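So the structure is just underneath, and the comments pick up after that.
The values are calculated or read from the model by the stated rules, or taken from the named source; none is laboratory data. Nothing here was measured: the structure is a model prediction, and the numbers come from that model. Here Cβ is always computed from backbone atoms with ideal geometry, including for glycine, and neighbour counts include all displayed protein chains. Calculation scope for accessible area: heavy atoms of the full protein, side chains included, ligands and nucleic acids excluded. Shrake-Rupley method; radii C 1.70, N 1.55, O 1.52, S 1.80 Å.
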Amino acid sequence: MSTAHVLLVNDEAVAREGLATALRRDGLDVTTADNGDAALALLRQNDYEVLLTDVKMPGMDGLELLRRAREAWPAMEVLVVTGFATTESAVEAMRTGAFYYVSKPFRLGEVRKLVREAADKAQLRAENQRLRQLVEHAADERIITRDEGMRAILDIARGVAPTDCNVLIVGETGTGKELLARHVHAHSRRASGPFVAINCGALNEELLANELFGHEKGAYTGAQQSRGGLVEAAQGGTLFLDEVTEMSAAMQVKLLRLLQEREYLRVGGTEPVRADVRFLAATNREPRAAVEAGQFRQDIYFRLNVVTLQLPPLRDRRDDIPLLAQQFVRRAAQVMGKKVTAIAPPAMQKLCAYDYPGNVRELENIIERGVALAGGTMLAEEDLPPGLGAPAGHGAGRGSNEVRTLEAVERNHILDVLAGVGGNRALAARLLGIDRVSLWRKLRRYEEQGLIEADEADGALRVRDVPA
């Protein structure tokens, strides 16, 4: 999370500056005030995650400051510190919405811990709000299409969204599987809850278990305190399991229990934890083939596959390319502060002719690159990547005029890009518009086929001469 901003209010200068120094050592951004009126003035000018205030101060006391702060800035957490603790004041503080009520003399370590917890809570609430706004934006603006097949998928998605049934989204990398999952969440009864996503293929078994389920204190070296996982973070909302077919066999057993029993064990834990979440999953593989190959459990497939949404690749919805391209131009121009408002006809023709192995994500990356390079108000043909050629089966690619399989077109395009960046996999993934894990899997397959080789000296990949 980003640095938390704390407003510390205390009329005693020595105590105020001493505590501020200790909190700054914890990486917090601390502003101080010596009375309630000064604190309110700062609150009106700046955003703070935490307000830490003394009770007894000249003029406005801490409880009045607490009341006004909670009314005007309800997302902010407030801690109240006093040397004159009474049951009545403690009850009033907690009823007014204080995060915690601390009596003097207090231990510095205790207050530092409480401030950190309050900051984490405030930032988590803000992040959930941001995600909800992203979901609403994605549902209302980002999924744009004139393709009949895509519209039918969106109709099905809206139809199943209000139910709590599991949904499996299948599609190639870059087709917008997570975007569709957010669309389902935004139209569900859990829309006000969190949407939490995890890529199951990006982590090894131990890390994935820890991220999903959390751990108990002492579960492993370095686990100094208990921590909830993403299932817990998704309580009351939606958990999106991306690339779910890439889970190890052992993790699939744990996932099956979560799906069946709606409960799980933290790493190192013995007490089951209930899970109130809606499951959405996605894969860029054919799930039935993964089941038949023994790589994905059939019982998990049946439980996730209550409803399947099959996203078409961008090459099968070419009428959407101009629509999406224009949207990406507007967005990129706004972010970059450029005046690009349109796409020149030759550039649009070239965009519409391309097959996009990386699908919508690749189109978006191509447009962002073009807007960055564009010198005027129009994205021109010369602003597009030089490798953006004619469509597959029409003489594009590595010197062949024969109709080739889509797999060959994708392979050759990936290898062309890889060769063009000197074997830099991270840069190649960005240019292709796919994540590094997906590129790594493809490259591993190409290496097994003898199409590429790793240099023993620097580890970079070298592309061999490949027939079209």
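Observations
- Total residues in the range 113-135, condition touching an Asp or Glu at 6+ places or on another chain (Cβ under 7 Å) and either modelled with pLDDT under 85 or open to solvent by 80 Å² or more (accessible area, probe 1.4 Å) (or both): 3
- Selection within the range 145-178 - in contact with a helix residue (DSSP H, G or I) (Cβ under 8 Å, 6 or more places away or on another chain), part of a loop (DSSP other than H, G, I, E, B) and not aliphatic (A, V, I, L, M): 145, 146, 147, 166, 171, 172, 173, 174, 175, 176
- Subset of the range 267-299 [open to solvent by less than 50 Å² (accessible area, probe 1.4 Å), of a type outside the set (Val, Ile, Thr) and part of a strand (DSSP E or B)]: 278, 279, 280, 281, 282
- Conditions (1) over 26 Å from residue 360 (Cβ atoms); (2) of a type outside the set (A, V, I, L, M); (3) open to solvent by 10 Å² or more (accessible area, probe 1.4 Å); number of the one not met by residue 214: (3)
- Residues of the range 183-215 satisfying the condition of being within 18 Å of residue 437 (Cα to Cα), without any contact (Cβ under 8 Å) to a residue 60 or more places away in the chain and aliphatic (A, V, I, L, M): 197, 198, 203, 207, 208
- Each residue in the range 9-29 was checked for being closer than 14 Å to residue 106 by Cβ and small (Gly, Ala, Ser), and 3 pass.
- The single residue among 425, 441, 411 that is touching a helix residue (DSSP H, G or I) at 6+ places or on another chain (Cβ under 9 Å), at pLDDT 70 or above and open to solvent by 60 Å² or more (accessible area, probe 1.4 Å) turns out to be 425.
- Residue check: residue 344 meets all listed conditions (1) in contact with a strand residue (DSSP E or B) (Cβ under 7 Å, 6 or more places away or on another chain); (2) open to solvent by less than 20 Å² (accessible area, probe 1.4 Å); (3) modelled with pLDDT of 90 or more; (4) aliphatic (A, V, I, L, M) but one, namely (3).
- Residue list for the range 328-341, restricted to those being surrounded by 18 or more Cβ atoms within 10 Å (Cβ to Cβ) and either modelled with pLDDT under 90 or not in a helix (DSSP H, G or I) (or both): 338, 340
- Residue selection: residue 319 fails the criterion of being open to solvent by 10 Å² or more (accessible area, probe 1.4 Å) and modelled with pLDDT of 90 or more.
- Residue within the range 354-374 that is open to solvent by less than 70 Å² (accessible area, probe 1.4 Å), of a type in the set (Lys, Arg), under 25 Å from residue 149 (Cα atoms) and modelled with pLDDT of 90 or more present: no
- All of 220, 264 fail the test of being more than 19 Å from the chain's Cα centre (by Cα) and surrounded by fewer than 16 Cβ atoms within 10 Å (Cβ to Cβ), apart from 220.
- Residue in the range 185-203 that is farthest from residue 243 (Cα to Cα), counting only those that are within 15 Å of the chain's Cα centre (by Cα) and open to solvent by less than 30 Å² (accessible area, probe 1.4 Å): 194
- Candidate set: the range 300-316, residues that are in a helix (DSSP H, G or I) and among the aliphatic types (A, V, I, L, M); chosen: the one surrounded by the fewest Cβ atoms within 10 Å (Cβ to Cβ): 300
- Qualifying residue in the range 72-92 (condition: modelled with pLDDT of 85 or more, over 30 Å from residue 187 (Cβ atoms) and under 26 Å from the mean Cα position of the chain (by Cα)): yes
- Failed item in (1) among the small types (Gly, Ala, Ser); (2) part of a helix (DSSP H, G or I); (3) without any contact (Cβ under 8 Å) to a residue 40 or more places away in the chain; (4) more than 21 Å from residue 71 (Cα to Cα), with residue 27 passing the rest: (2)
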